[in-house]
Structures are given as structure tokens and as C-alpha cells.
Amino acid sequence: MATTTPIMDTQAPSPQPYLTRMPQEVLTRITYFVRTPDLCNARLTCKSLENALYYSFAYEFFRKKQFMIYGPSLQVLVDISKHPSLSHHLKHVIIGTDQILPPNRISAATDDQKSLNWHLAYADQQTLLVSGRARDMLVEAFRNLRHLEIIDLRDFHSSSRTRDGDATWSSYGHNTLLETTGVKPFTGQPRAGEEDYPTRLFSLIIHALAAAKARPEGIEVVIRENWAVREHGFLVPTYLEPDLLPILAGLKKLHLVLDINTVTYVNVGIQYLLFKKFLALTPNLTWLRINFRRCFSNHGEEEALLKWLASSLRPGAWSSPGLTNADPSRFPPPVELDHLEQLDIGQCSVSTNTLARLFRKFSPTLKAISLRRVKLQQNSDQHSFDMDDDEQNPWIKFLRSLKKESFPHLRELSLGHLEAVVRSNASRAVLHYPVVEFVNPNEAEKKNGTPATGYQNLKGMVNAKRDRTYTGLKLETFLSNPAADIATPSKHITGVPTRGHSSDNESDFDSEDDDDEESSDDDGSASPLH
């Protein structure tokens, strides 16, 4: 019987595609430079590439994601929270303030279908807000997101999407609305009567977090336009306390933009009452940022709040007069924040003494300080001012105080867009520092051939910056002689000094034992920012 010999397949197996054999870090680096559609196409090529690119893709597109109060947008948030793998990557949820304005607020459209689409979108957003459906959807999403770390409220679209040129990280649904309606959802300067929208969203987020029993590490309000969270947004109702108090107690990061109270009190210290009570519920904060709405305040609300924050009821500590035996229902005791490592203050006008006391209070634990768009107010007993006297600049004295005081852990100091005003108590003279710039003294000496020993020598230097961050050895050098790095090219004097001899008396700022009754620049009044 004949036997048959099996035919052997001598054809070599197909080699594995070159891209799939690349080290993952090389493949990730290559795909970093392609546009989003091309990246998605690469992931769809084969299972191997999809798996290789999964973590970098999920990190870039799902670790932080922005949504808006709009049905399709919130539904995507809910769907992601239910996804078996992507839900683990979403750690930072952003709620945008994108508003779908009433149809009568937009220009007439030439396409009836687009006009109808906008009208339907407006009705959708309003129904979500008034019916409570927006809260329910946020509760469902927050409850499912076990790794949620940050909840963020903002009024802009980030420009950090470098992969796609000029594209931004917009709220999900924003671009679709633009395509189907021809109108962008509104995120800009609010009109009169519309300033309350961020406050509504902040309260909505707080209530949703409480109902979901979520435990984020941080709550952030990042607003670039002239919006802010108003006082009533910080109300913690009694019925909400069992669920909300554990959330606030666990917060490590709190970034806020505050609006002045719309109610005028005879005692300015009552302003921000609800915010003070809210802040008292966050004892474990390590990073606190307080910005104020960019508006004119002639009543000292910002000064009063920062003075309260600078106070302490601990033995031997400074306290604003009247707080020791005050009625806590009207004047809550100041917070201590024993774990605070970073304190950022911005967009306010404050006396030099109050700002110095504020940072002195938290000096044992502070590692980083940030001051942006802060205007220092100081009074002086001098009849007139010397334009060449460095020591008259309140920022010079304040920055020196950071070195004199005990700041054992301070590692970073960020300064930007600072101003100062010094007023004479004995005349109408006012010394203005509308621009405070920072220059590297070594560069200045190289360009001028003149020792950079004071800011008056640095006028017009091309490398002057209104923003500068100091760390490490540069911070230590700067604090030892801040005048060497500071330039004030636009300083000037207004008012007509009275006749008499100039006084050489220094401000009480340098005194460690001053108190408010004797302080000339700490009277609680704050001039408006210009």
C-alpha cells in the first residue's frame, strides 16, 4: 500500500509589523506629534497598536475632561463614568460655564433649522437646571467615578491642545452646538443680571458631590472673565451637613474667585459671613487660593476678609480687634489651617500690615506663596516723597519681611502684576507704583555697565517682566535684597504736599508689636484696583 508523504509548508510566517515591535515609549513619542484623527486611525489599525497606545491615549483624552450643562454633554460624562476601563482614568472633571443664551439674545440666523436647533438647546439647558435633572446626572457620574480627585468650574477653554494646532480643550458639546446652530455658547463677559450663573453652578456641584458621597481632594474655581462666586453660593444648609461636612473636611485644595457681598452692612466685618463658615469646614487644606472679582471696592471688604484670615485666637497670636469675644453667628472665629503649604492671593487691594500678618500666621508650614494683581496700600507720616528712595516702595519692605520672619520651608515665591500706593497722612501727596517689574540684576549690569543696586537703575530694561517666580537659591538671594531685582518705571507722585519739613519717620510696618489702634496703614480701608 502506497504511503503519502505530507507536504510541508515551507513558507515562513509573516513578520510582525514594524510599528508593533517598537518599544512602547518610542511609539508613544512618535504618535505625540500627529493630529487627533491620525492618532485614532493608528489605534484602529490593529489590536496590538490599540493596546500599546491605550494608556497614553486615555491619559491625554480622559484623565481631565470638560463638560457643560447640556443634555448630550452630561450624558457623555455619565457614560464615561460607567465605562469599565475609562472611568478609572477620569480624575479631573471640569464643568464649563458655557451658557446657551435666550434666542432673543443672538443675531438673527439665516437658516431656520439652525435657529430651531439653538432654541431647542436653550430649552434643554434651562430644563436641566430648573428640573434638577442636571444635579441627578452629576450625582450619578460622581458616584461612579471612584478615582475622582478634582472638580473644576471654569469659564474658558484651555489652549494646551498642542496636538491639533490652534484647537482648544472645549466643553464637550460646544463644537457640535456651533456646527448645528452657527452660534457659540456664551462664556465671556456677563451682562447685568447674569453674574449669578457661576454661583448657581458652584452650588449645583457642591450639592451633587454631597449626594454622591464623593471624596475629591480639590475643588477649583478658575474664572478669567469678570465673574465670581457670590456669597450665597457658600451656604451649607443643615440638611446637607451630614453628607457635605466629610467632603469639605477631606479637601486638600480649594481655589476660589470671590465676589463682594451684594448686601451692604454697617460693619464691614460681617461681609463674607457664609464663606468664612464654609472655609472653617476645611481644616485640612494644604493649598488655598483666594482671588477676588476684578471690580471697584471702596468699602474695604477685601481688607476685612484678609484681616480675618490673618487673625488667630491662639495665645500670643495677633487677632483683629473685636474677634476675641465676638458673636460667632456674625463674626466666625478665624481658621487656623495647620497644614497649609501654599497660599495664593490675587486681584485685591490690601494694606501692607494685613498682608504681612497673613503670611506670618502660616509661616511655620508654608512652602509656596503666590501674589498676582495685588495692590499694596500704605500710609506714611512723611509730608513729601523722594522718588529715588527705594525704601518707600511697600513691596520692598514686605518682601524683606519674608526673610526676617521664620519661613523655614518656603521654597517658591511667585509674583505678578503688582502695584502699590503710599499716601501721606500729613499732606495730599500720593506716591504711585502702577507697575512693578522684576529684572535680573546681572543682566542689567551687563547691559548698562552700571551696578544694579536699586530699581531706579533698571528703568527701560528690555528683560523686565511683570511676572517672575523665584525658587531655591535665587529665592534666598532675592529676599536678601529685593530692591536689586525690582523696577518701577512708571512711579509718580500726585497731590500737592503741605509746607513743612519732611519727616524721616518710617512706617509702622517694620514694628513687630504694632496693633490696629496705632497703625496708620491698617485701618481696614482699601482703595479700588485700577
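Rank the residues Met68, Met22, Met137, Met387 as a footprinting-exposure proxy: fewest other Cβ atoms within 10 Å of their Cβ go first.
Numbers: Met68 25, Met22 15, Met137 21, Met387 11.
Ascending number of Cβ neighbours within 10 Å: Met387, Met22, Met137, Met68.
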* Structure fact -> Whole-Hz Karplus couplings 3J(HN,Hα) for region 343-350, θ = phi - 60° and coefficients 6.51, -1.76, 1.60, Gly and Pro as x, run 10, 10, 10, x, 6, 8, 10, 8
* Once amide H atoms are placed 1.01 Å from N in the peptide plane, what residues at a sequence separation of 5 or more from Leu153, or on another chain, have their amide H within under 5 Å of its amide H? -> Ile95, Glu220, Val221, Val222
* Would you please give the FRET efficiency between Asp79 and His417, computed as 1/(1 + (r/R0)^6) with r the Cβ-Cβ distance and R0 = 41 Å, to the nearest 0.05? => 0.50
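For a 23 Å ceiling on Cα separation, which of these pairs sit above it: Lys403/Lys474; Lys64/Lys252; Lys253/Lys375? Kindly include the intermediate steps, with their values, before the conclusion.
On the way: Lys403/Lys474 13 Å; Lys64/Lys252 18 Å; Lys253/Lys375 25 Å.
The pairs that break the limit, which is 23 Å between Cα atoms, are Lys253/Lys375.
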* Asked: From a point 7 Å beyond the Cα of Asp196 in the direction of its Cβ, which residues of region 206-237 have a backbone N at a distance under 18 Å?
  -> 206-207, 227-237
* Structure fact -> In order over region 277-293: 3J(HN,Hα) from phi, Karplus 6.51/-1.76/1.60, θ = phi - 60°, whole Hz, x for each Gly or Pro, gives 5, 5, 5, 5, 8, 10, x, 9, 4, 10, 9, 10, 10, 10, 10, 10, 4
* Structure fact -> Note to self: Kirkwood Rh of region 68-221, Cα pairs, one decimal, Å, is 16.4 Å
* **Relative packing of peptides 138-147, 234-243 - highest average C-beta neighbours within 10 Å first** => 138-147, 234-243
* Convert each backbone phi in region 407-421 into a coupling constant with the Karplus relation 6.51 cos²θ - 1.76 cosθ + 1.60 (shift: θ = phi - 60°), then list the ³J(HN,Hα) values in order as whole Hz, x for Gly and Pro. => 10, x, 10, 5, 10, 8, 9, 10, 10, x, 6, 8, 9, 7, 9
* Asked: Using 0.36 nm per residue, how much length does the chain from Tyr55 to Val435 gain when fully extended, once their Cα-Cα distance is taken away?
  -> 132.2 nm
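Could you please rank Asp196, Asp338, Asp259, placing first whichever residue has the fewest other Cβ atoms within 10 Å of its Cβ?
Asp338, Asp196, Asp259
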* Considering only Cα-Cα distances, which of the following residue pairs are longer than 29 Å: Lys276/Lys367; Lys91/Lys367; Lys184/Lys276? -> Lys184/Lys276
* Asked: Out of residues 5 or more away from Ala487 or on other chains, whose amide H comes under 5 Å of its own, with H placed 1.01 Å from N in the peptide plane?
  -> Glu437, Phe438, Val439
* To do: Would you list the P(r) distribution for region 95-149, with all Cα-Cα distances sorted into 5 Å bins from 0 and each bin expressed as a whole %?
  => 4, 17, 20, 18, 14, 11, 7, 6, 3, 0
* **For Ser158, distant residues with modelled amide H under 5 Å away** => Trp169
* Likely footprinting exposure, Trp169, Trp308, Trp227, fewest C-beta neighbours within 10 Å first -> Trp169, Trp308, Trp227
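Readers should treat all values here as calculations from the given coordinates under stated rules, not as data from a laboratory. The shown structure was predicted, so the numbers you read here are calculated from the model rather than taken from an experiment. Cβ: placed from backbone, ideal geometry, glycine included. Neighbour counts: every protein chain shown.
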